[in-house]
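The values are calculated or read from the model by the stated rules, or taken from the named source; none is laboratory data. None of the values given here were measured: they were computed from a predicted structure. Note: ideal-geometry Cβ built from the backbone for every residue, glycine included; neighbour counts use all protein chains shown. Surface areas here come from the heavy atoms of the whole protein model, side chains and all, with no ligands, DNA or RNA. Shrake-Rupley method; radii C 1.70, N 1.55, O 1.52, S 1.80 Å.
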Amino acid sequence: MNNPSGPPKREPVTLPGPSDRDRRRDSRKPLMSKATLTILDGPLANSQHEVLTRDMSFSGVSFLLRELLAVGQNCKLDVHGNGHPGQSYFCEVVRARPVSNGRFEMAVQFRKTA
């Protein structure tokens, strides 16, 4: 059956925007800085690890670690300042994935300053 008013109307298609494609809420900046990670719970509780941060945003930071931490695990990160006072954060692991050389890329979200 023909439509006397012309071709059928189509609904507009909405494409996902940048915020839909990237789950991160804050933009990240490369930041290589030494830090001390203290694991607060789980099997490695109270162990300390020297790490080198990879990138940082307003809400979190990523780094490489030889130990695998579980998502949801809590830790404290003391970022060493380069010529200025460092900062300490209580954090929660939000991502853990294996990378090369037996290391894991960890991403933590800041919960509060220590």
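Couple of notes before you dig in:
- Under Karplus coefficients 6.51, -1.76 and 1.60, residue-wise ³J(HN,Hα) of the range 35-45 in Hz, glycine/proline x: 8, 10, 9, 10, 7, 9, 8, x, x, 9, 3
- Sorting V51, V71 by solvent-accessible area of protein heavy atoms yields V71, V51, largest first, with a 1.4 Å probe.
- In sequence order, calculated HN-Hα J values of the range 90-96 (Karplus, 6.51, -1.76, 1.60; Hz; x Gly/Pro): 8, 9, 10, 5, 10, 7, 9
- Two-site FRET efficiency, L52 against K112, from Cβ-Cβ distance with R₀ of 25 Å, rounded to 0.05: 0.60
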